Amino acid sequence: MILKGRSICKGKVEGIALVSKTPISFYGGVDAKTGRVIEKNNELFGETVTDKILFFPYGKGSTVGSYVLYQMAKNKVAPKAIVNVETEPIIVAGCILADIPLIDGISENEMGKIKSGDKIKLDADNGVIEIL
Amino acid sequence: MYLSKEEEKILSGEFGEALQKAMRLLVTLGDIFKADRLIDSKSAQISGVSYKNIGDAGLEFIKDMARLHNKIKITATLNPAGMDFKDWAKMNIPVSFAKKQLEIIENFTRIGAMPSCTCTPYLIGNLPLRGQHISWAESSAVSFANSIIGAKTNREGGPISLAAAIIGKTPNYGLHLDENRLPTVLVKVKTELKSTLDYSLLGYYIGSILVKGIPVIEGVSSFTLEDAKSLCAAAAASGNIALYYISGITPLPSGWSKSMKEDKIEVTDIELRNIMDKFNPPVDVDIVTLGCPHATINEIREIAGLLKNKRIKSGKTLWVCTSSVNKEISHRLGYSKIIEKAGGLIAADTCMVVAPLEQMGYTALATNSAKAAHYVPSTCNLPSKLCSLEEAIKLIIE
């Protein structure tokens, strides 16, 4: 299956999907040292986002979230790429600072077809997400 | 998005990597939100200043940017840091934290930001004019700038506001465009708002019900600077309210009634009191923090009045958070002496949300700010009680 979204931060990677149907706040929601999700209300609570292709609908919470993504990249625990339904400035700025490929513009319905554990080939230069 | 030749050159890296990254942030954001071009920004309020929030990676990023010696040419102020720069030892801030925090401020100063850290920049010399385009982070100040001052800003994040300060420009979208500043929903207040706390509760209720949108608030008569900043802060904490109007007090844009949707919200005393019940933990409060957003001189005078010839119980702490400017004025007016004699502290350049309270062994916090009560449980891992300023002080005095 191939999905087409909008290219926001460029890059091409392959990796394993991790999917959250609920929005993510990196500030207070993800541990910058370990990459673990620490927000209790999030369905990914306890999971690690490191080296995953992370799918979630949109970002939320404090704008400090951008620096958390930057810090995660420096600590080598950042996700390999991010895919949003509709992205917003916190995630965008974080991905630019941290050089994380970012695509948005796939529908909630399309995101629903992707399961955690799926193998993904992502081409953020062209906004293409391929489920292998 | 249209870019001038100069802007293209910065984006291509001709003037170095730091400027290129700053330009890339603005252009990418502009592209996403379909901005037609970059416009001049007259003022910046930069968030992401506390070491607690940005950590070592944030510090490294700011150090990278600090290579742009004195680059910021527009008025740029900073959000609260994790401590008072002078009195951090009196706050019991760990030394390791203080070292990192001072390094962050040094580097921000090197880029050309004003090293005064406050969430009320409009009270310390960063006051834009009506209609000016600005780039502010700090959600309460964003709402104050849009709603009370009538300047135009989106709700920027730390890196974007820093980038806008360095480049002196911001992408033209969202609340920079008049068509996006029209109100969307009527809020009828059916109860008399008697205190600043009531305005904080009103803001919290509006933010939680609407989440987004631009309300016109009707039924408000008395409205002070303190009420305004509290309403702004609370509505931007429980929701994403970045602009509101108050019927009869702030000017409404022409043709505004056409943009309103059918639905309206009514607010009675019951909705406001219900919020208080949410923030009432069954534990003893050992720290009271006032000044979210940063206390004005009026508020500091009121606090000093309540503490005159009183003594704070041993084991209890009081912080009055404010700007370094107001701390100096309070000192000159003798308020600092009264507060300190009672056992309290005026903490400048910081606040209860961004100071490392979780490392300092407190059990529970009381505050008169719905914004602080909302954030402290998650940012400081402390239960918080919401009450009036007088009640909060009563909790800790002998």
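In terms of distances greater than 30 angstrom between alpha carbons, the cross-link table entries A:LYS60/B:LYS313; A:LYS40/B:LYS63; B:LYS99/B:LYS337; A:LYS74/B:LYS5; B:LYS229/B:LYS278; A:LYS33/B:LYS229 yield A:LYS60/B:LYS313; A:LYS40/B:LYS63; A:LYS74/B:LYS5; A:LYS33/B:LYS229.
Sorting B:LYS310, B:LYS5 by accessible area puts them as B:LYS5, B:LYS310; the probe is 1.4 Å, largest comes first, and only protein heavy atoms count. Heavy-atom accessible surface of B:CYS117, to the nearest 10 Å², is about 0 Å², with a 1.4 Å probe and all protein chains retained. For the residues B:MET360, B:MET83, a 1.4 Å probe over the protein chains yields an accessible-area ranking, largest first, of B:MET360, B:MET83. Separation of the stretch B:225-265 and the stretch A:30-106, taken as the distance between their Cα centroids, equals 32 angstrom. In this calculation the C-beta distance from B:ASP31 to B:LYS341 is compared with R0 = 56 Å, giving a FRET efficiency of 0.50. By the combined test of axial Cα extent (at least 18 Å) and Kyte-Doolittle hydropathy (mean at least 0.5), the qualifying DSSP H helices of chain B come to B:17-32, B:196-210, B:225-238. From its DSSP helices (H runs of at least four residues, each -39,500 (n - 2.57)), chain B gives a residue-normalised ellipticity at 222 nm of -12000 deg cm²/dmol. For the peptide B:49-57, the mean number of other protein chain Cβ atoms found within 10 angstrom of a residue's Cβ is 5. Rolling a 1.4 Å probe across all protein chains gives A:LYS12 an accessible area of roughly 140 Å². For the protein assembly as shown, the share of DSSP beta bridges that are antiparallel, to the nearest 5, is 30%.
Across all C-alpha atoms in the stretch B:5-178, the radius of gyration and Dmax reach 15.9, 52 Å. Computed about its Cα centre, the charge dipole of the stretch B:182-277 is approximately 300 debye, with only Lys, Arg, Asp and Glu carrying charge at their Cβ. Between B:LYS188 and B:SER388, the FRET efficiency estimated from the beta carbon spacing at R0 = 30 angstrom works out to 0.80.
The separation of the stretch B:97-150 from the stretch B:324-371, counted between C-alpha centres, amounts to 19 Å. By the Cβ-Cβ criterion of under 4.7 Å, the unpaired cysteines of chain B are B:CYS117, B:CYS119, B:CYS232, B:CYS292, B:CYS380, B:CYS387.
Using only Cα atoms and rounding to the nearest 10 degrees, what angle (0 to 90) does helix A:65-74 make with the longest principal axis of chain A? In chain A, helix A:65-74 runs at an angle near 80 degrees to the longest axis. Rounded if a/c is under 1.5, else prolate if a/b is larger than b/c, else oblate: which is the stretch B:276-342, with a ≥ b ≥ c the root eigenvalues of its Cα gyration tensor? Here the stretch B:276-342 falls in the oblate category. For chain B, give me the percentage of DSSP beta bridges that are antiparallel, rounded to the nearest 5 percent. Close to 10 percent. Rolling a 1.4 Å probe over the protein chains gives B:LEU201 an accessible area of about 0 Å². For chain A, the alpha carbon convex hull comes to 81 Å³ per residue, rounded to a whole number.
Counting only Cβ charges, +1 for Lys and Arg and -1 for Asp and Glu, the dipole size of chain B around its Cα centre is about 540 debye. Projecting the Cα atoms of B:CYS117, B:SER221, B:PRO128 onto the charge dipole of the protein assembly as shown (Cβ charges, centred on the Cα centre) puts B:CYS117 farthest toward the positive pole. FRET efficiency for the B:ASN180 to A:LEU132 pair, using the beta carbon distance and R₀ = 51 Å, is estimated at 0.80.
Does chain B come out rounded, prolate or oblate by the C-alpha gyration tensor, with a ≥ b ≥ c the root eigenvalues, rounded set by a/c under 1.5 and, if not, prolate when a/b is larger than b/c and oblate if not? Oblate, because a/c is 1.5 or more while a/b does not exceed b/c.
The values are calculated or read from the model by the stated rules, or taken from the named source; none is laboratory data. What you are looking at is a predicted structure, and each value in this text was computed from that prediction instead of being measured. Methodologically, a virtual Cβ is constructed for each residue, glycine included, from the backbone with ideal geometry; neighbour enumeration extends over all protein chains shown. The protein model used for the area step is the full one, side chains on, heavy atoms only, and it has no ligands, DNA or RNA in it. Shrake-Rupley method; radii C 1.70, N 1.55, O 1.52, S 1.80 Å.
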